[in-house]
Every structure is written in structure tokens, then in C-alpha cells.
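The values are calculated or read from the model by the stated rules, or taken from the named source; none is laboratory data. Values in this document were obtained by computation on a predicted structure and should not be read as measured data. Every residue, glycine as well, gets a Cβ built from its backbone with ideal geometry; the counts of neighbours run over all protein chains shown. The protein model used for the area step is the full one, side chains on, heavy atoms only, and it has no ligands, DNA or RNA in it. Shrake-Rupley method; radii C 1.70, N 1.55, O 1.52, S 1.80 Å.
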Amino acid sequence: FPVTIEGQKRWLITSKIPLTDESGQVIGLVGIGTDITEQKATQELILKLSKSIEQSPVSIEITTTCGIIEYVNPKFCESTGYAPEEVIGKHARILRSDKMPPEIYKDLWGTISSGDVWKKELLNRKRNGSLFWESVTRTAIKNDKGIITNYIALKEDINTRKLMEAELIQAKEKAEESDRLNTYRDWE
């Protein structure tokens, strides 16, 4: 690495051509160097961001502004049972369970198309037909001019939590019913 006076390392791409005399003897080199430090830093940042998305513990789905899936990360595939090639090019509604009110989807599209963040819990359907709960945060991706180019969804599987909540509600209702029966017996 060449180092600047300030001690900073720089990336260079160089081309060197031998310089010869009339007899063909190499008497030196002619070199041209271009500083590509910023380009290299940008490549490293892109690689870091790419690895972050690929290795994310949450599902990530990127769609067009019409809802057509363009990208899913490995966690999405693990959570839904779909392979990337089975969902890329399909509408994001492929996961819809039809157990949610239609108004929720109108709210979703209205919110994200205005550039705001939408966050709700959805009951979705896996490839095998089983239902599962996800906490979904969906928002717009905008270009440098502020124009929405895509949407991104970050999804966390909350199925276990929802099942535990349902069990707690059932246990509470059962305990309340038992209390009512005991109170009723005490009055007799």
C-alpha cells in the first residue's frame, strides 16, 4: 500500500510499460497510477451491507413499487419454506393467509406508498400451507431524488410468542370461570 504524508493507506491501480533504448534494452519503466481508494472503500461497504442482509436474523423482502418480489434473504426462505426462485417475480401476497381483514392491506399500501413506515402483525401462510405470525415493518426505499423505487419488509417470526399469548389467555379465562363457579357455589 502506498502511504500518504499523513500516514493514510491508499489503493492504486497501476499499469507499467518497459522503457527501452534503440537496441531493445530495458532502461526503465513508465508507470501510470490511478488512486482507487474511494472506489475500494465503496466496494467494501457494499460487501458489508450485502453480508448484513444475507446473514440477518430477520426475514428481508424487497419488492417493486407494484409489490413484485425482487429479493429475499436466506432467513425469509427458512421462515416461509419457499426457495428464492419460487417467490422472486411473484407478488408479495403469495404469503397472504386470507385470515386478516382486507383493510389491513389497504392501510399497508396507503402508508408505504406515501413514504411512511408501516408496522403490524400479520398472520401469513408458509409454502406448506401452515399459518404463522410475523411482526412486519415495511417501508419505502427512495432514490437520491426522493422518488420511491422499491419497498423493503423486515419480518420477525413471532409465532411462538402468539401461541404463548393464546395459551395464557385461555388459562386466564379458565381460572376466571373456575372462580365464578366457586363464587356461585358459595352463594348456594
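Do we have any residue at all in region 62-78 that's part of a strand (DSSP E or B), of a type outside the set (A, V, I, L, M) and over 17 Å from the mean Cα position of the chain (by Cα)? No; the residues of region 62-78 include none that is part of a strand (DSSP E or B), of a type outside the set (A, V, I, L, M) and over 17 Å from the mean Cα position of the chain (by Cα).
Is it the case, given these coordinates, that Arg127 is open to solvent by 60 Å² or more (accessible area, probe 1.4 Å), closer than 24 Å to Gln55 by Cβ and either modelled with pLDDT of 95 or more or outside any helix (DSSP H, G or I) (or both)? Here the answer is yes, as Arg127 does meet what is asked.
Within region 130-148, the set of residues being assigned to a loop (DSSP other than H, G, I, E, B) and open to solvent by 50 Å² or more (accessible area, probe 1.4 Å) comprises Asn143, Asp144, Lys145, Ile147. Within region 25-60, being under 26 Å from the mean Cα position of the chain (by Cα), part of a strand (DSSP E or B) and not small (Gly, Ala, Ser) holds for one residue alone: Ile60.
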